[in-house]
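Only the coordinates and a few stated rules stand behind these numbers; no lab work does. Being a predicted model, the structure only gives us computed values, none of them experimental. Backbone-built Cβ (ideal geometry, glycine too); neighbour counts: all protein chains shown.
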Amino acid sequence: MARTLLSNWTPGSILALRQNLSYWDRTNVRIPNVEYIPIPDENAEYRQYRAGQLDITQSVPNSALDSVRAERPNELYVAPFLATAYYALNLRSPYFANQFGFAKIIGLGHRQKGS
């Protein structure tokens with residue numbers, strides 16, 4: 001049984017959760033309601049955070065990072081990020097056919113069997 005239950009979901013607008021009163025440890029649930037608001041523009045999201053309209057923000061625009069580090073160091077947490085990316089490129093396509101330098105650079109990361 002979950003701590004929270006879905007109370008409202010409007011796709012593209014809001015996802016609201018409320019405390020589950022049937023949760024076995026409900027007396028220790030400290031946040032009774034949560035609202036997730038998808039904001040596609042990180043600059044708009046940051047402005048809303050600075051205006052007190054959001055309690056937390058997921059990202060800070062690169063242009064504001066230095067000022068946040070200086071003015072609000074206790075509010076900033078930069079989490080480590082590890083990722084794996086996969087790029088599939090068709091090197092036989094006409095676009096890449098004349099781009100030997102590009103194909104050679106891509107090939108540097110790939111070793112053929114026996115080399």
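Among 78, 29, which comes first, second and so on when ranked by fewest other beta-carbon atoms within 10 Å?
Details: 78 8, 29 13.
Listed from fewest to most nearby Cβ atoms, that is 78, 29.
Multiply the residue gap between residue 55 and residue 24 by 0.36 nm, knock off their C-alpha separation, and tell me the result in nm, one decimal place. Each step should come with its number before you reach the end.
Numbers: separation 31, 0.36 × 31 = 11.16 nm, distance 2.72 nm.
Answer, rounded to one decimal: 8.4 nm.
³J(HN,Hα) across region 40-53 via Karplus (A = 6.51, B = -1.76, C = 1.60, θ = phi - 60°), whole Hz, x for Gly/Pro?
Once rounded to whole Hz, the list reads x, 9, 5, 5, 5, 4, 5, 4, 5, 5, 5, 7, x, 7.
Show me the chymotrypsin sites (Phe, Trp or Tyr not before Pro) within region 4-81 that DSSP assigns to loop and that have at most 14 other Cβ atoms within 10 Å of their Cβ.
Details: sites: 9, 23, 24, 36, 46, 49, 77, 81; in loops: 23, 24, 77, 81.
Of the chymotrypsin sites (Phe, Trp or Tyr not before Pro), the ones in loops of region 4-81 whose Cβ has at most 14 other Cβ atoms within 10 Å are 24, 77, 81.
Can you run phi through the Karplus equation (6.51, -1.76, 1.60; θ = phi - 60°) for region 31-38 and list ³J(HN,Hα) in whole Hz, with x for Gly and Pro?
For region 31-38, the Karplus-derived couplings read 10, x, 9, 9, 10, 9, 10, x Hz, x marking Gly and Pro.
For residue 7, what residues show an amide H to amide H distance below 5 Å, using hydrogens built from the backbone and excluding near sequence neighbours?
16, 17, 18
Assuming R0 = 35 Å, what is the FRET efficiency of residue 31 and residue 63, from their Cβ-Cβ distance, to the nearest 0.05? Intermediate values should be presented prior to the final figure.
Details: r = 31 Å, r/R0 = 0.89.
Here the calculated transfer efficiency is 0.65.
Using θ = phi - 60° and the Karplus form 6.51 cos²θ - 1.76 cosθ + 1.60, what ³J(HN,Hα) does each residue of region 69-74 get, whole Hz, x for Gly and Pro?
Computed from phi, the couplings for region 69-74 are 4, 7, 8, 9, x, 6 Hz.
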